[in-house]
Amino acid sequence: MSIIKELEKEVEEKIKKAGYKSENFVFTPSSRPDLGDYQINDAMALAKVYQEPPRAIAEKIVKELEMDNRFTNINIAGPGFINITLSDEFLISSMNKILEDINNNIDRVSGKKIMMDYGGANIAKTLHVGHLRSANIGEAVKRLARLLGHEVISDVHFGDIGRQSGMVISEIKERYPHLPYFDEEYRGNYDKIEFSITPEELGEIYPTASIKAKEDETKMEEVIEITKELEEGKAAYVSLWNKIKEVSIEDITAVYKRINTEFDLLEGESDCYPYIKETINIMEKSGLLEESEGAKIINVKREEDNSPMPPLVVIKSNDGTLYATRDLATIHSRMERFSPDEIWYFVDNRQALYFEQVFRASMLTGLVKEETKLEFFGFGTMTGKDGRPFKTRDGSVMALKDLIASIKDETLKRINIDMVEEEKREETAEMIAIAALKYADFLPFRTKDYVFDPVKFTDLEGKTGPYLLYSTVRMKSLLEKVEKDGIKEISFHKLKGTNDRLLALTILKMPMVLKKSLEVKSLNEIAEYLYKLTSIYNSFYAENKVLTEEDKQLKSSWTALTKLTFNINSLLLKTLGIKVPEKM
Ligand code: ARG
């Protein structure tokens, strides 16, 4: 348990001793730091329950608090706000404990088994900017959930079937008609066919095929037919599609890796096929599926709905599967294989209604247990300066690779990495660029849109990834210098100056920030916190000459503060999926 949480529990007891019950007591950081570090506002609420004047209640609570020497400067303001300050001794011992073990500054939750569905890249299409946020946010929430004690299984859930597969195969057929995949007489082993395709060609094939199919009706018919045959398991197409999948997955996961995103499962929509029959059976048994123009639908509307909630089409009239069929069967498969307590989806806001339909259908038909929680966490869009979804100059969707490249250009232009050995420069520039991109993505609340602005994102002075990296690297280099001086004993002995105190108090806020972030599945709180902590550290650093300080105890304390800030920055940046370079 975190030190601050422990203290809160003790205060809760003290309030009880004073004669009142305040459940789940938490400190409120003071809005008037001149009056105290924290304020206790409970007297107001207790006054209503106990029918006593709030000030009288506050006075009784204060009596209890005064017996504890960890609190100083206890005073009552206004109708009954209690201000308290933490004693220097308490802050010092707390900092030492956290330095010893960072777990003293983390509150675990009661761990659950959670499956996370994020990434969602589509096979044979280039990974584009639209998939960036799902990967960034999903990966960071996964790391945070694990840090706070959940068991998490992450799945990329590739879009590996559907019309795009038909389009790509049809285009390959047009370009390479002599391949045995398209020869009905061929009796050999399709998997042994010599044919290879590059990710670059694939990236170009899909848009070409898509335009053709849109413009030409017979082409579209062919695409639909191929898609159907592929789904039904036509060996030639399955073999060709597997080859395409392999090339595409390798290409996509390499880009995911660049943005420090990893999955436990690299499954796709089509992996649910073995579960489809059973899924439909279960759903049928509920008696809730209805026939509609040959398709099977389920009504998911509730009386209290005040916005449209159309029925969900579960399977199409031609027996083929739909996006929804595959999501439902995937839910069944996940329940069967992993039996998670919760499944979290990180997908674009635009799919919010769809997921609500799927979740309701799953609950109504008993695909999941009653207590299983299915949750959708949507996110806003990265836009251009015009407020529209970010595009390339010619108006097409931008590949994630190109987006990273444009940030990297900016990084190299603006940040002097001459400090770094020649052979590490490329890697360092990449780390800074990724930090810039990811940090900017976390700053706005998850559901908000934000503007892509590489110049702003890479600013070394602002609220940016590069600023955090630079500061963190500087902390590290200071620690190394102290170590070179032969100083072994690093711990807190005294606090001096306002920034020392402020830094210690800010460190104690970390558990609250982590908890809040996980609750709302948004990293903005952590991003803001990192900036705040780092800025306070930098003011402290500008004010004090740590390395040349004569007073040994002070030097040790300041070094300890540096180490603690460095440890927290490292932990939180890692949680956000941001790597810190050795030097920059
Ligand atoms: N591939 C989908 C898309 O690009 C996202 C998949 C989201 N996850 C899911 N289980 N449907 O829109």
| field | Karplus (6.51, -1.76, 1.60) ³J(HN,Hα), θ = phi - 60°, over the range 358-370, in Hz, Gly and Pro reported as x | value | 4, 5, 5, 4, 5, 6, 4, 9, x, 5, 10, 6, 4
| query | In degrees between 0 and 90, to the nearest 10, how far off the longest principal axis of the chain does helix 465-484 point, with axes built from Cα atoms? | reply | 50 degrees
| request: Report, to two decimal places, the Cα Rg of the range 342-486 normalised by 2.2 N^0.38 Å (N = number of residues). | output: 1.43
| task | Note down the relative contact order for the range 332-446 as a percent, whole number, built from C-alpha pairs under 8 angstrom at least six residues apart. | result | 22 percent
| note | Between residue 451 and residue 323, Cβ-based FRET efficiency (R0 30 Å, step 0.05) works out to 0.50
| field | Relative contact order computed over the chain (Cα-Cα under 8 Å; 6+ residues apart), in percent | value | 15 percent
| query | For residue 424 and residue 461 in the same chain, what is the full-extension length gain: residue separation times 0.36 nm, less their Cα-Cα distance, in nm? | reply | 11.0 nm
| said: What distance in nm separates the two pseudo spin-label positions at residue 301 and residue 570, each 7 Å out from Cα along the beta-carbon direction? | reply: 5.9 nm
| said: Would the chain count as rounded, prolate or oblate if I go by the C-alpha gyration tensor, calling it rounded below 1.5 in a/c and otherwise prolate when a/b exceeds b/c, oblate otherwise? | reply: oblate
| field | Average silhouette area of the range 1-55, convex hull of alpha-carbon atoms, in square nanometres | value | 4.2 nm²
| Label-point separation in nm, residue 151 to residue 51, each point 7 Å along Cα→Cβ | 5.2 nm
| Full-stretch length increase - residue 59, residue 217 - with 0.36 nm per residue and alpha-carbon distance subtracted | 48.8 nm
| note | Check: in the range 234-385 the Lys pairs 8 or more apart or on separate chains whose Cα atoms fall under 18 Å apart number 9
| note | Everything considered on the Cα gyration tensor (a ≥ b ≥ c; rounded for a/c under 1.5, else prolate if a/b is larger than b/c, else oblate), the range 444-525 must be described as oblate
| query | Loop-only check: which GluC sites (Glu not before Pro) in the range 258-362 are DSSP coil with at most 11 other Cβ within 10 angstrom? | reply | 293, 303, 304
| note | Using eta = 0.890 mPa s and T = 25 °C, Stokes-Einstein with Kirkwood Rh from Cα pairs puts D for the range 152-294, in µm² s⁻¹, at 143 µm²/s
| query | Where the centre of each part is set by its Cα atoms, how far does the range 313-363 sit from the range 137-197, in angstrom? | reply | 20 Å
| query | Distance in nm between label sites at residue 89 and residue 16, each 7 Å beyond Cα in the beta-carbon direction? | reply | 2.6 nm
| Value at 222 nm in deg cm²/dmol, rounded to 500, when DSSP H runs of n ≥ 4 in the chain each add -39,500 (n - 2.57) | -17000 deg cm²/dmol
| Surface accessible to a 1.4 Å probe, per residue, for the residues of the range 136-262, Å² | 47 Å²
| request: Report, to the nearest 10°, how far helix 88-100 tilts away from the longest principal axis of the Cα atoms in the chain, using its own Cα long axis and a range of 0 to 90°. | output: 40 degrees
| task | First compute the accessible area of the range 41-176 with a 1.4 Å probe, then give the percent of it belonging to carbon and sulfur atoms. | result | 51 percent
| Is any residue of the range 550-584 close enough, with backbone N under 20 Å, to a label point placed 7 angstrom from the Cα of residue 480 along the Cα-Cβ axis, and if so, which? | 559-571, 573-574, 579-584
| Under 5 Å, built H, 5+ apart or other chain: amide partners of residue 152 | 114
| message | So the label point goes 7 Å from the Cα of residue 535 along Cα→C-beta, right? Which residues of the range 463-495 then have their backbone N under 12 Å from it? | response | 463-464
| task | Classify the range 211-286 as rounded, prolate or oblate from the Cα gyration tensor: take a ≥ b ≥ c as the square roots of its eigenvalues, call it rounded if a/c is under 1.5, otherwise prolate when a/b beats b/c and oblate if not. | result | oblate
| Going down the table (496/552; 476/552; 408/438; 496/545; 9/496; 17/63), which pairs top 18 Å between alpha carbons? | 476/552; 9/496
| note | Given a Förster distance of 35 Å, the FRET efficiency implied by the Cβ-Cβ spacing of residue 41 and residue 101, rounded to the nearest 0.05, works out to 0.65
| task | Percent of Cα-Cα pairs per 10 Å bin, from 0 to the last occupied bin, for the range 76-129, please list those. | result | 16, 18, 19, 20, 16, 9, 2
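The values are calculated or read from the model by the stated rules, or taken from the named source; none is laboratory data. Values in this document were obtained by computation on a predicted structure and should not be read as measured data. Neighbour counts run over all protein chains shown; Cβ positions are idealised from the backbone, glycine included. Surface areas here come from the heavy atoms of the whole protein model, side chains and all, with no ligands, DNA or RNA. Shrake-Rupley method; radii C 1.70, N 1.55, O 1.52, S 1.80 Å.
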